[in-house]
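What follows is a set of notes on a single structure, which appears directly below.
The values are calculated or read from the model by the stated rules, or taken from the named source; none is laboratory data. Note that this is a predicted model, so its numbers are computed, not measured. Note that we place each Cβ from the backbone using ideal geometry, even for glycine, and neighbour counts take in every protein chain shown.
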Amino acid sequence: MRSGKSERMRFQLKNVTRRFGNNIAVDAVNVDIPQGQMVGVIGRSGAGKSTLLRMINRLADPTSGSIHFGDSEVSGLRGKSLRNWQRDCAMIFQQFNLVPRLDVLTNVMLGRLNHRSTTLSLLGIFTYEERLMAIAALERLGIEQTAMQPAGTLSGGQQQRVAIARALMQGPKMILADEPIASLDPLNAKIVMDALRDINEREGITVITNLHTLDTARHYCERIIGMAAGRVVFDGSPDELTAAAVQEIYGSDKHGAGIDESMTSTSINVANLPTGETASQSAGPKALALARH
């Protein structure tokens, strides 16, 4: 557990509920996360995982309850304060949310929009320093060679790494990842998860990620939250995620049998996959050339 500012920057959900008409998507959730944890949220489709992340980022509002980060009540933010929170709480989506016709470098620099003036943003004018930051982020993710390609020409795994680089450009205090590997093959899934864990460990940034594979959650997350029917039914370490806990999260099949955990597996040993590309922590000669482009 990281110390220091972790106590001051705790993240808390207090009795948070989200209703859609008569349906309850998230039901009275209470969660307390110290700064710097890597948390995996698991559960069946419709369990409320994505709605929970959208409320944290304030893409959706709680029907009741409150959300807190440090001394700030996130659920009460409006206007500029809300925009600042959405800058500080970066969101990575399953479908990448890049602008396909724009080059990769520009897509990454868009992560700076909430740090700069509206005029500069509208004109698409980025500073030399911002270009250096973007290239350094791409180098860190091992895809700096794609900087001038249209984002739409990249593979799914590359696009997700661009989305992570864009999130880094926000200078976030927290990263939310909504099923970030759901559409990726096992090798690219490992590269993306390695990148998220590296950010968590090197920067001490809290990472909360929804995952659909139990083996991935066990391997990468120090804490796992299991949801069923909108409620948190498990909150503990990977070692505490017993067969009984898995059944409570996922339920039984139509024959009443407990879930076979292999059904939620990537069917590949993540520990034996080759390590993802690593990049220098600062921009090198290639970065300088692209920054002047």
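Observations, loosely collected:
- Flag for THR216 being closer than 23 Å to SER50 by Cβ, under 19 Å from the mean Cα position of the chain (by Cα) and at pLDDT 95 or above: no
- The set of residues in the range 158-191 being free of Cβ contacts under 8 Å to residues at least 40 places away in the same chain, part of a loop (DSSP other than H, G, I, E, B) and crowded, with 23+ Cβ neighbours inside 10 Å consists of ILE181 alone.
- Residues of the range 126-153 that turn out to be under 21 Å from MET193 (Cα atoms) and charged (D, E, K, R), as a count: 3
- Count of residues meeting criterion [among the β-branched types (Val, Ile, Thr), at pLDDT 90 or above and over 19 Å from the mean Cα position of the chain (by Cα)] in the range 100-142: 3
- Residues within the range 208-249 that are β-branched (Val, Ile, Thr), in contact with a strand residue (DSSP E or B) (Cβ under 6 Å, 6 or more places away or on another chain) and assigned to a helix (DSSP H, G or I), tallied: 1
The rows are residues; the columns are (1) in contact with a Cys (Cβ under 8 Å, 6 or more places away or on another chain); (2) under 25 Å from ILE224 (Cα atoms); (3) aromatic (Phe, Trp, Tyr); (4) loosely packed, with under 14 Cβ neighbours inside 10 Å.
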site: VAL29; (1), (2), (3), (4): no, yes, no, no
site: GLN35; (1), (2), (3), (4): no, yes, no, no
site: ILE42; (1), (2), (3), (4): no, yes, no, no
site: LYS49; (1), (2), (3), (4): no, yes, no, no
site: HIS68; (1), (2), (3), (4): no, yes, no, no
site: SER75; (1), (2), (3), (4): no, yes, no, no
site: SER81; (1), (2), (3), (4): no, no, no, yes
site: THR106; (1), (2), (3), (4): no, no, no, no
